[in-house]
Amino acid sequence: MHAKIDPWILMKDAGNILIFGKRIFLVIALTLVCGFATTLKAQEDPPRPVVVNFNPAQPLAFGAFTPGLSGGTVTVFPDGSRSSSGDVILLNMAYLFTPAMFYVRANPGTVLSILVNPPVILNGNNGGTLTLQTGGTLPASPFVTTLPWPQQTTVLLGGTLTVGNIGANPAGSYTGNFNVTFVQE
C-alpha cells in the first residue's frame with residue numbers, strides 16, 4: 001500500500017519552500033512585465049468641440065402613382081427602391097422616386113442618430129392630403145462616422161406615404177416639409 005504524501009509537508013523543508021518562493025516570484029515578475037509591455041488601443045475620442053455639418057442634397061420623392069378605390073401606401077426605401085400596398089398602383093413615368101439624401105461632415109468616431117419625427121401632412125395642388133412618415137436610414141441609425149474631416153458621409157432617408165382613395169386624393173402635385181433630427185451622441 002502506498003502512503004499518501006501531503007505536499008504541504010514537503011514544503012516545510014527549507015529547500016522546497018525556497019523553490020516555491022522563486023516560482024511565485026517568477027510568476028509575479030512575468031505578469032508585471034507583460035502587463036506593462038502590452039499597450040491597449042481603443043477608439044480615440046473625437047476632438048473637442050465636436051463639429052458636425054448637415055447639408056440636404058436630394059429631396060424625398062415618391063414618383064408617380066395612382067390610388068384605387070381603397071387607397072394604401074407608397075414606400076421609398078433608403079436603398080432607392082419603391083413599393084406599394086393596398087390598391088395603389090406605381091406608375092413608371094418620368095417622375096423620379098428617391099430617398100432624401102444628406103451629406104454629413106463630422107470628425108471620425110462621432111456617433112450620430114437620426115430621430116423619427118411624427119407624421120406630417122402633404123397638401124395637394126388640386127385638393128386632398130397625404131400623410132408622410134419618414135423612417136429607415138442608410139447607414140442604419142445610430143452610426144459612427146469614419147471619414148476624416150472634411151470628407152462627407154452620405155445618409156439616405158426613406159419614408160412611407162399613406163394614400164386615401166381616388167376621391168380623397170385627386171391627381172396632382174403634393175408637397176410639404178418635414179424635419180430631420182440628427183443627434184450627436
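The values are calculated or read from the model by the stated rules, or taken from the named source; none is laboratory data. Bear in mind that the values here come from a model prediction, so they are computed numbers and not experimental data. Note: ideal-geometry Cβ built from the backbone for every residue, glycine included; neighbour counts use all protein chains shown.
For every residue, the table says whether it meets (1) surrounded by 13 or more Cβ atoms within 10 Å (Cβ to Cβ); (2) within 21 Å of Ser85 (Cβ to Cβ).
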| site | (1), (2) |
| --- | --- |
| Val144 | yes, no |
| Trp149 | yes, no |
| Val155 | yes, no |
| Gly159 | yes, yes |
| Thr162 | yes, yes |
| Ala168 | yes, yes |
| Tyr174 | yes, yes |
| Asn177 | no, no |
| Phe182 | yes, no |
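For the subset of the range 82-134 comprising residues that are of a type in the set (Phe, Trp, Tyr) and touching a Gly at 6+ places or on another chain (Cβ under 6 Å), which member is surrounded by the fewest Cβ atoms within 10 Å (Cβ to Cβ)? Even if it seems obvious, please write down each step before you answer.
In the first step, residues of the range 82-134 are kept if they are of a type in the set (Phe, Trp, Tyr); the result is 95, 97, 102-103.
With touching a Gly at 6+ places or on another chain (Cβ under 6 Å) added as a condition, the list becomes 95, 97.
Values: Tyr95: 12, Phe97: 19.
By that ranking, first place goes to Tyr95.
If I filter the range 86-98 for residues that are under 23 Å from Val163 (Cβ atoms), in contact with a Ser or Thr (Cβ under 7 Å, 6 or more places away or on another chain), assigned by TED's automatic domain parsing to the domain that holds Asn169 and of a type outside the set (A, V, I, L, M), do I get at least one hit?
Within the range 86-98 (the criterion being under 23 Å from Val163 (Cβ atoms), in contact with a Ser or Thr (Cβ under 7 Å, 6 or more places away or on another chain), assigned by TED's automatic domain parsing to the domain that holds Asn169 and of a type outside the set (A, V, I, L, M)), the answer is yes, since at least one residue qualifies.
Could you give me the residue pairs with C-beta distances under 7 Å whose first residue belongs to the range 165-185 and is of a type in the set (Asp, Glu), whose second residue is in a loop (DSSP other than H, G, I, E, B) and modelled with pLDDT of 85 or more wherever it lies, and which are 6+ apart or on separate chains?
Glu185/Pro142
Would you call Leu138 closer than 17 Å to Asn177 by Cα and surrounded by 15 or more Cβ atoms within 10 Å (Cβ to Cβ)? Even if it seems obvious, please write down each step before you answer.
Working: closer than 17 Å to Asn177 by Cα: no; surrounded by 15 or more Cβ atoms within 10 Å (Cβ to Cβ): yes.
No, not satisfied.
Hey, could you check the range 135-170 for residues that are within 15 Å of the chain's Cα centre (by Cα) and of a type in the set (Val, Ile, Thr) and say which is farthest from Val76 (Cα to Cα)?
The selected residue is Thr146.
Give the residue that is farthest from the chain's Cα centre (by Cα), with candidates limited to residues of the range 69-81 that are of a type in the set (A, V, I, L, M) and surrounded by 13 or more Cβ atoms within 10 Å (Cβ to Cβ). Working first, answer last.
From the range 69-81, those of a type in the set (A, V, I, L, M) are 69, 74, 76; that's our starting set.
Narrowing further to those that are surrounded by 13 or more Cβ atoms within 10 Å (Cβ to Cβ): 74, 76.
Values: Val74: 23, Val76: 18 Å.
Only one residue fits best here, namely Val74.
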